[in-house]
Amino acid sequence: MRILHTSDWHLGRTFHGSDLTAAYEQWCDYVVEFTRSENIDALLVSGDVFDRGIPPVAMVELLSATLNQILDHTQVILTSGNHDSAKRLGFTSTLLKSGLSIRTDSLESDHAVPVFNKDSELGAYVYALPYLDPDVERRRLSPDPEQLLGRSHESVTRRAIERIFHDIQNSTASANVPILAMAHSFIVGAEPSDSEQDLHIGGINSVPSGVFQPPKNVPGFDYVALGHLHGPQAVGTLHDPLMRYSGSPLAFSFSEENHHKSSVLLDFSEATTNPDSGARFEPKLELIPTPIYHPIATVRDSFSELISGKYSDFSEHFLRIYVTDDERPRNLVARLRKVFPNVIEVHHDIPTVTLRTDAIRASKQNPLDVIDEFYETSGGRPLSVEEKALVTRLWDEVKNRGQR
């Protein structure tokens with residue numbers, strides 16, 4: 001049993017305004033080919049399939065074409081994230097072709113999705129949790145309609161997991177196969193980036209990893225496939241099940257320039273037990289690098305050095321550039337774009353100087369001297385002859401107006 005864990009495709013998003021359609025097409029082609037060539041038994045997408053509730057038509061068509069190709073050889077399980085519209089993503093879930101499971105309703109998350117291998121033998125069970133909005137789910141998931149759950153992600157997630165463990169105890173536990181969970185949450189201790197939407201609601205936006213630990217004498221999860229955070233990372237403690245964020249396949253902010261984008265390949269053919277977490281089938285785990293459309297980077301140097309060829313290796317990068325010249329070069333952005341066609345941000349990076357109020361002796365100085373001293377103190381150089389002449393002329397004009 002081989003399962004590929006992905007999340008946070010965010011189809012339709014841009015990179016600081018730059019179109020990423022070609023990058024999404026590259027990613028989708030890659031997933032189709034990888035799942036085919038590597039004999040993947042199931043593809044998991046743990047939320048945020050689209051970037052917004054009403055995605056662009058082109059992205060809907062891209063997802064539809066991609067899923068149709070993957071479903072010819074691989075099962076797919078996907079859930080809604082906080083960016084998706086659960087109703088729009090899930091409205092055709094009962095009508096679509098065999099092999100595709102879409103989980104957007106929290107009340108269905110305790111219904112396990114069976115995963116079969118290439119010989120049509122049962123290989124695993126997957127419990128797929130969509131993103132849980134506390135304001136919506138605290139009533140829907142409550143065992144007592146008159147008693148709402150706490151208004152937090154922890155509260156609604158804990159209750160959803162309790163329902164899953166109840167189902168495990170009464171049904172799937174007898175099947176001696178791995179059990180996986182999917183969730184779209186911010187787990188305590190994980191490392192976020194700038195491109196994720198804050199899940200802050202009601203004062204609590206995170207979920208302790210311990211909610212995924214099973215009750216006594218109930219089989220636990222062998223793997224938890226997490227979505228929401230865009231940086232690939234493991235989370236949890238020694239006694240938690242094996243759990244990871246696959247991360248987004250594309251970078252969406254400069255805070256992700258040091259991410260090594262990947263998806264998670266789970267191989268249960270070499271699974272081992274883990275007495276600490278209670279896992280019965282802990283898989284062999286491999287991080288699979290995803291294709292890179294444009295690398296992202298930040299460079300900082302003088303304008304002359306930037307255009308000298310010193311940074312020629314960055315010609316295809318999405319770039320954030322800090323120019324360190326004392327004076328801003330003319331036509332800065334246009335001239336940089338000739339060298340770096342994918343420059344996204346340009347900043348004139350000069351040191352800032354904090355002045356004390358007594359640093360300039362304004363009361364006993366000529367106003368022109370005050371301006372000259374201020375410029376030298378804050379700008380790092382005195383006014384030029386031409387600049388002094390300009391300031392003098394403007395000052396005389398202002399003074400003459402005041403005397404009329």
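We did not get these values from a lab; they are worked out from the coordinates using the rules stated. Given the structure is predicted, the values throughout are model-derived calculations rather than measurements. Heads up, the Cβs are rebuilt from the backbone with ideal geometry, glycines too, and the neighbour counts pull from every protein chain shown.
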> Which shape class applies to region 1-135: rounded if a/c is under 1.5, otherwise prolate when a/b exceeds b/c and oblate if not, where a ≥ b ≥ c are the square roots of the Cα gyration tensor eigenvalues?
Replying inline: oblate
> Farthest toward the dipole's positive end in the chain, which of 324, 115, 75, given Cβ charges of +1 (Lys, Arg) and -1 (Asp, Glu) about the Cα centre?
Replying inline: 324
>> 5 Å is the cut-off here: which amide hydrogens, built 1.01 Å from N in the peptide plane, fall below it relative to residue 343, excluding neighbours closer than 5 in sequence?
In response: 319
> How large is ³J(HN,Hα) for each residue in region 153-168, as worked out from phi by the Karplus curve 6.51 cos²θ - 1.76 cosθ + 1.60 (θ = phi - 60°), to whole Hz, x for Gly and Pro?
Replying inline: 5, 4, 4, 6, 5, 4, 5, 4, 5, 4, 4, 5, 5, 5, 5, 4
> How large is the helix-only mean residue ellipticity at 222 nm for the chain, computed as the sum of -39500 (n - 2.57) over DSSP H runs with n ≥ 4, divided by its residue count, in deg cm²/dmol to the nearest 500?
Replying inline: -8000 deg cm²/dmol
>> With +1 on the Cβ of every Lys and Arg and -1 on the Cβ of every Asp and Glu, and nothing else charged, how large is the dipole of the chain about its Cα centre, in debye rounded to the nearest 20?
In response: 940
> Once amide H atoms are placed 1.01 Å from N in the peptide plane, what residues at a sequence separation of 5 or more from residue 11, or on another chain, have their amide H within under 5 Å of its amide H?
Replying inline: 50, 51
>> Run the numbers for residue 25 and residue 397: contour at 0.36 nm per residue of separation, minus the present Cα-Cα distance, in nm.
In response: 127.8 nm
> In the chain, which longest range has no GluC sites (Glu not before Pro) that are both DSSP loop (not H, G, I, E or B) and surrounded by at most 16 other Cβ atoms within 10 Å?
Replying inline: 147-256
> Which cross-chain or sequence-distant (5 or more) residues have an amide H under 5 Å from the amide H of residue 124, H modelled 1.01 Å from N in plane?
Replying inline: 115
>> Here are a few candidate values for Rg/Rh (Cα atoms, Kirkwood Rh): [x] 1.15; [y] 1.07; [z] 0.96. Which one was actually calculated from the structure I just gave you?
In response: [x]
>> Over the chain, what is the relative contact order in percent, taking alpha-carbon pairs closer than 8 angstrom and at least six residues apart?
In response: 13
> Which ³J(HN,Hα) values in Hz, rounded to whole numbers, follow from the phi angles of region 36-49 under the Karplus curve 6.51 cos²θ - 1.76 cosθ + 1.60, where θ = phi - 60° and Gly and Pro get x?
Replying inline: 6, 6, 9, 6, 6, 8, 7, 9, 9, 10, 8, x, 6, 5
